[in-house]
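Please treat every number below as a calculation from the coordinates, not as lab data. On a predicted model such as this, the values are computed, not experimentally measured, just so you know. Glycine also receives a Cβ, built like all others from the backbone with ideal geometry; neighbour counts cover every protein chain displayed.
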Amino acid sequence: MAASRSMLEALLARVQKRANESRAVSQVMPPLEAASADSAETLPPPRAALRDEVVEEEIEEYDDELIEIIDDADVIPQAAAAARAIEPAAFGAAFDRRPTIASIKPVAAAPRAATFPAGTSAVGTSPAATSAVATPAAVSAARLQVARAAPALEGLRAETVSPRPIAATEIARAQGSRGELRATSFLELLDASLKLGS
Amino acid sequence: MDTSTFDPTRAVVFDLARGQVALESGGSLLLLPAEVVATACAQLDATIVRQLGAALGKQAGARVRKRLAQAGAASLEQIVEQLAGELSLGGFGSLSVERWGQALVVRVDGYPLAGHGQELLGGYVEGALSASVEREVTAQPLERTAQSLRFLLCNRSAGAKVKAWMLAGSSWGDALAALQGAKNDVVGGRV
């Protein structure tokens, strides 16, 4: 896809501006790790969670634009150089977007939790997830994974089919109870047995 | 709780001065180790062992008939209690009667001679019924485990059929069902 030089310059200027704004926001707000490192089970504050989502959306948007710019790098080398200068780290985001090895563990735990009956907490069923969030970076990644996995778990609601009530009926027919058998004449029973096979 | 009609009070008398053991009715007894009797049963011909058992059973049946005023009108429970009492006094085990469809089956648990004394007990049952209720019965062996035996109470012809079926590989349950012309779905009862 070819793009005119004026369009690319305008896009780069817009990206650079928004990157500067994000950096300014991250400097004003407290670090995410400091807010969450107290306890692995503490939920992130609403404000921090909101910031996570905003930054995530911005990064994805920028990625798409940067990919387009890099694709055109053979045509406009200077645009490629400018695009490389704008790395995600330059936004000042306080988390690593790519999950670390430790943060992969909660991802593996999420689908397993979906196999438990309703009411079973995914956190309670995954001790590995608790240990995986011991580091601040892992806490951030785990939050992202939980936020992504939640809609999927909501979709896995069990459908139960229970038998309908059975109408009372005579299933087995007994000829005399044990008490009646006890009181029956022995000779009567013995004669019936002696007739068999004759 | 109901108790058995069989009263074993002073049923066995130990006369140590005379060196004798006797039943209340007067018959003398010999107390023999079960292992000795088992060895004898294993060495003797099966017909002889069965006759020996029948002789023991007839004495027991006669005592039952004496205790029951009308043995012919006795209920299944009364006969079971009396026969079981006699068998217990002799140390032959615990008797019960099962009904599989129309077939009456005698079961004896705790029989000390289960390994070699099947014919002895079969003859005992036949003799006891002959003396107590005046019926000629064949006690056809159905099952033998380490300490329990089952006998079908039947006529001679039916006993031969059941024996042949079981020798051909049928289980005793299938044999009982076949004897009654039905599949093996008979419901058992036990007294």
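Using a 10 Å cut-off on Cβ atoms, rank the peptides B:20-32, B:77-89 from the highest mean neighbour count down. The partial results should precede the final answer.
Values: B:20-32: 11.4, B:77-89: 21.8.
In decreasing order of mean packing, B:20-32, B:77-89 become B:77-89, B:20-32.
Would you please put B:36-44, B:133-141, B:6-14 in order of how densely packed they are, using the mean number of other Cβ atoms within 10 angstrom per residue and starting with the highest? Mind showing how you got there, number by number?
On the way: B:36-44: 14.8, B:133-141: 19.4, B:6-14: 11.7.
So the order, starting with the most tightly packed, is B:133-141, B:36-44, B:6-14.
Across peptide B:173-180, the mean count of Cβ atoms from other chains lying within 10 Å of each residue's own Cβ comes to 1. Per-residue mean of foreign Cβ neighbours for B:100-109 is 3 (Cβ atoms of other chains, 10 Å radius). For region B:54-59, 3J(HN,Hα) computed residue by residue from phi via the Karplus equation (6.51, -1.76, 1.60; θ = phi - 60°) reads 5, 5, 5, x, 5, 5 Hz, glycine and proline entered as x. What relative contact order, as a whole-number percentage, does chain B give when Cα pairs under 8 Å and 6 or more residues apart are counted? In percent, rounded to a whole number, it is 21.
Given a Förster distance of 22 Å, report the FRET efficiency between residue B:168 and residue B:46 from their Cβ-Cβ distance, rounded to the nearest 0.05.
Working: r = 20 Å, r/R0 = 0.93.
The calculated FRET efficiency here is 0.60.
For residue B:34 and residue A:157, a Förster radius of 51 Å and the Cβ-Cβ distance give a FRET efficiency of 0.15, rounded to the nearest 0.05.
With each label modelled as a point 7 angstrom along the Cα→C-beta vector, the residue A:188-residue B:20 pair spans 4.4 nm. One decimal place: the segment residue B:146-residue B:134 gains 1.2 nm when fully extended, by the rule 0.36 nm per residue minus the C-alpha distance.
Need one value for B:29-41: mean number of C-beta atoms belonging to other chains within 10 Å of its residues' C-beta atoms.
Mean partner shielding for this stretch: 0.
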